[in-house]
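**Q** Input: one structure, supplied below.
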Amino acid sequence: MDTLTRLEQTIAQRMGASPDTSYVAKLHVRGLPVIARKLGEEAVETVIAALSGSEEDLVGEAADLLFHLMVLLAEKQVPLASIMAELDRREGTSGLVEKASRSE
């Protein structure tokens, strides 16, 4: 958890940096649609790596996916703690039961 917390803090700091010196700032300036599209691209790349790549490929793509998800959360001002709380809430609940409860 410490790594994700540090990443969240780094992303928050870089949101206000110059887009000339920070990839996060460049994404932030380009806006939510670009960030969301980039997250989608990384998700697809992660799926491809899972299906046909090596473990090393999958690890790299999964890291990219998590990073871009964290950028999206920062853009929407959703703290990582909220996501962790939701995961904690779901812990011990069958995935089938949890999914069914969202349909009601």
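The values are calculated or read from the model by the stated rules, or taken from the named source; none is laboratory data. Remember, it's a predicted structure, so these values are computed and weren't measured experimentally. Ideal geometry is used to build each Cβ from the backbone, glycine not excepted, and the neighbour counts take in all protein chains shown.
**Q** Going by the conditions given, is residue 61 at pLDDT below 95 and in a helix (DSSP H, G or I)?
**A** no
**Q** Right, another one. For the condition surrounded by 10 or more Cβ atoms within 10 Å (Cβ to Cβ), assigned to a helix (DSSP H, G or I), touching a Gly at 6+ places or on another chain (Cβ under 9 Å) and hydrophobic (A, V, I, L, M, F, W, C), what is the one hit in 49, 36, 85?
**A** The conditions single out 49.
**Q** Name the residues in region 89-103 that are surrounded by fewer than 10 Cβ atoms within 10 Å (Cβ to Cβ), part of a helix (DSSP H, G or I) and not small (Gly, Ala, Ser), would you?
**A** Across region 89-103, the qualifying residues are 96, 97, 102.
**Q** For the subset of region 2-33 comprising residues that are of a type in the set (Gly, Ala, Ser) and not in a helix (DSSP H, G or I), which member is farthest from the chain's Cα centre (by Cα)?
**A** My answer is 18.
**Q** Given the residues 74, 81, which is the only one that is modelled with pLDDT of 95 or more and farther than 23 Å from residue 23 by Cα?
**A** 81
**Q** Considering each residue of region 1-37, count those that are free of Cβ contacts under 8 Å to residues at least 60 places away in the same chain, among the charged types (D, E, K, R) and closer than 22 Å to residue 82 by Cα, and give that number.
**A** 3
**Q** With the structure loaded, tell me whether residue 51 is in contact with an Asp or Glu (Cβ under 9 Å, 6 or more places away or on another chain) and either free of Cβ contacts under 8 Å to residues at least 40 places away in the same chain or aliphatic (A, V, I, L, M) (or both) or whether it fails that test.
**A** Considered against the rule, which asks whether it is in contact with an Asp or Glu (Cβ under 9 Å, 6 or more places away or on another chain) and either free of Cβ contacts under 8 Å to residues at least 40 places away in the same chain or aliphatic (A, V, I, L, M) (or both), residue 51 comes out as no.
**Q** Only residues that are surrounded by 15 or more Cβ atoms within 10 Å (Cβ to Cβ) and farther than 23 Å from residue 2 by Cβ: list them for region 52-82, please.
**A** 53, 57
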